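Nothing in this text is a laboratory measurement; each read-out follows from the coordinates by a stated rule. Just so it is clear, the model here is predicted, and its values are computed rather than measured. Cβ atoms come from the backbone with ideal geometry, glycine included; neighbour counts cover every protein chain shown.
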Amino acid sequence: MTELTVTQVYAVGAPIIVTLIFFETLISNLKNVSYYKKEDTLCTVGLLAGNILMVFAIKGLTLALHFYLYQFRILDLASLIPPWLMWILAFILIDLVFYIYHRISHRSRFLWAIHMSHHSSEEMNFAVSFRQAWLGPISKIPIFITLPLIGLDPTIIAVAGVISTLWGVFGHTKAIGKLGPIEWIFNTPSHHRVHHGANKQYIDKNYGNLLIIWDRFFGTFEPEKASVKYGLVKNVNTFNPVKITLMEWKSIFADIRKASNFKESFKIFFGPPKTRER
């Protein structure tokens with residue numbers, strides 16, 4: 001279905017990301033502001049390392065699962081539409097599934113316990129995009145298996161998914177302003193700065209990765225107006241990646257121990273975060 005491989009995408013994407021970080025640092029120096037802080041960046045490296053280890057641990061299993069489920073696809077899209085349309089559809093569906101997953105991750109406490117590490121930085125730079133949760137790859141499996149079941153070829157899912165992820169890196173910066181008409185369709189740095197904001201009006205907004213149309217359609221869109229305060233409403237006050245990873249889990253199980261019955265425990269685990277303390 002495709003001759004393009006994940007390795008080829010990374011081979012092209014990695015130099016682009018390095019270039020972006022270089023120019024972001026250059027711009028910050030010219031403006032005499034600091035976009036990067038040493039401790040925060042080292043924390044990001046620690047979180048990324050754990051995420052990469054998890055990706056490699058389950059990569060083969062995830063791909064095998066996708067190919068297995070592809071046998072039971074609802075639609076044989078490969079025979080119904082041309083390859084170019086398949087790619088467009090893949091990007092659209094991957095982004096829609098990501099939107100759903102991402103939104104649930106903010107509104108279900110056990111998924112927020114995983115995802116909150118990405119929002120724990122009080123900075124906003126390209127490196128923050130790599131501040132990924134250690135259990136993130138596992139938490140995505142149940143919802144992303146819908147893609148091969150719909151009829152998307154697993155190889156296309158893998159490649160298009162990486163390309164979409166690389167686009168997500170572009171959104172994590174203060175160095176790029178608003179981008180005109182592009183803002184109506186795509187998730188831009190301006191839109192994603194809002195998503196990382198702890199300002200009351202910015203909390204739980206702009207979930208899209210590649211596209212912003214889902215947020216506009218489902219009522220979760222918020223334009224960037226007021227200056228963004230990055231991080232959580234209640235910040236973690238640590239640069240230790242292990243502490244950040246376990247922080248919300250400890251809080252969840254502490255609340256469960258205080259619960260009076262199973263129903264209450266279930267609500268604590270699967271219900272919304274204890275407060276809107278993003």
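Quick notes
- In plain terms, the chain from GLU183 to ALA49 could stretch by 45.0 nm, reckoned as 0.36 nm per residue minus the Cα-Cα distance.
- Alpha-carbon centroids, segment 203-252 and segment 50-74: separation in whole Å: 27
- Efficiency of FRET between SER79 and ILE138 - r from beta-carbon atoms, R0 45 angstrom, step 0.05: 0.85
- The trypsin sites (Lys or Arg not before Pro) of segment 149-241 that meet both conditions, a loop assignment by DSSP and at most 16 other Cβ atoms within 10 Å of the site Cβ, are LYS178, LYS225, LYS229, LYS234.
- Kyte-Doolittle mean at least 0.0, axial Cα span of 30 Å or more - DSSP H helices of the chain: 6-30, 38-70, 83-107
- Label-to-label distance for LYS200 and LEU149 is 4.0 nm, based on points extended 7 Å past Cα in the beta-carbon direction.
- Per residue of the chain, the DSSP helices (runs of n ≥ 4 H) give a summed -39500 (n - 2.57) that works out to -19000 deg cm²/dmol at 222 nm.
- Anisotropy class of segment 214-278 from Cα gyration tensor, a/c 1.5 cut: oblate
- GNM remark for the chain: springs join alpha carbons under 10 Å apart, and the peak mean-square fluctuation among ASP255, ASP40, ASP95 falls on ASP255.
- Label-to-label distance for GLN8 and THR25 is 3.1 nm, based on points extended 7 Å past Cα in the beta-carbon direction.
- Given +1 at the Cβ of Lys and Arg, -1 at the Cβ of Asp and Glu and no other charges, the dipole of segment 6-270 around its Cα centre is 760 debye to the nearest 20.
- Here the gap between LEU246 and ILE104, fully extended at 0.36 nm per residue and compared with their Cα-Cα distance, gives a gain of 49.2 nm.
- Segment 141-278: C-alpha gyration tensor shape, a/c 1.5 cut-off, then a/b vs b/c: oblate
- Relative intensity, log₁₀ I(q)/I(0), of segment 1-155 from a Debye sum that treats every alpha carbon as a point, q = 0.20, 0.21 Å⁻¹: -1.37, -1.41
- Ignoring lysines fewer than eight residues from LYS274 along the same chain, the ones with Cα atoms less than 20 angstrom from its Cα are LYS200, LYS205, LYS234, LYS243, LYS250, LYS258, LYS263.
- Rounded, prolate or oblate (a/c below 1.5 giving rounded, otherwise prolate when a/b exceeds b/c) for segment 164-215 by Cα gyration tensor: rounded
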